[in-house]
1. Given 0.36 nm per residue, what is the gain on full extension from Lys58 to Asn98 after removing their alpha carbon distance, in nm?
2. Suppose R0 equals 35 Å. What FRET efficiency, 1/(1 + (r/R0)^6) with r the Cβ-Cβ distance, do Val124 and Ala71 give to the nearest 0.05?
3. Can you give the net charge of the other residues whose Cβ lies under 15 Å from the Cβ of Val124, counting K and R as +1 and D and E as -1?
4. Can you give the net charge of the other residues whose Cβ lies under 14 Å from the Cβ of Ala61, counting K and R as +1 and D and E as -1?
5. Counting other C-beta atoms within 10 Å, and keeping those with at most 10, which DSSP coil trypsin sites (Lys or Arg not before Pro) do you find in segment 31-74?
Amino acid sequence: MKAWVVRFAALYVYNIAVLLVIGLLTPAKVGFHVFWAAVIMVLAEILVKPFVLKMFAKSAAKSAAQRTRVAEGFVQALIVLAVAAIIWVIVMLLSNVNAGGSWFWAWVLPPVLITIGWWIYSRVNKKFEEQAGAIYDRAMGPKPGAAEAAPATTRVDTAAAHQELHDGLTPEQRKMLDDLGKS
């Protein structure tokens, strides 16, 4: 349960930022509808995106042997942009976000920005979800018995672990090398 709550919260906060950027850089009118639109976008990314990506990838895989590596990369990029366009249409249909403006600025640029947002999110996802998890843990409070269940480590064990991380040797290996140096 915690993993889903943390993932939803992290995606929600990130999608608010993406939608605000779309509102700033395009004629799309996001405004205060960004909060509801981010919920729609998160649900679409969790529920619709994997299904549509799988469907498009299966369709593209049928002719993948006939394409060069560059052409295959282009096809994969088009698939991601098509999925982002579908997510953008879902967000506009189910929220009060209005595309407004010309065809390019209202319908093509937002999926490109969403795709760039997905790429950035994939790069910072782990750290972002760790921070959201820490916030979730603080909000839920300490678990009963968590302090007793945590193993006690001594300062010596911690120092040995840090030394092992730096040279890659266990204490036994380090002692063997020291003994070799003495003879």
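No lab work stands behind these numbers, since they all come straight from the coordinates. Keep in mind the model is a prediction, meaning the values are calculated, not measured. Every residue, glycine as well, gets a Cβ built from its backbone with ideal geometry; the counts of neighbours run over all protein chains shown.
1. Going from the current span to full extension adds 11.2 nm.
2. 0.70
3. Here the charged neighbours net out to +2.
4. That works out to +3.
5. Lys62
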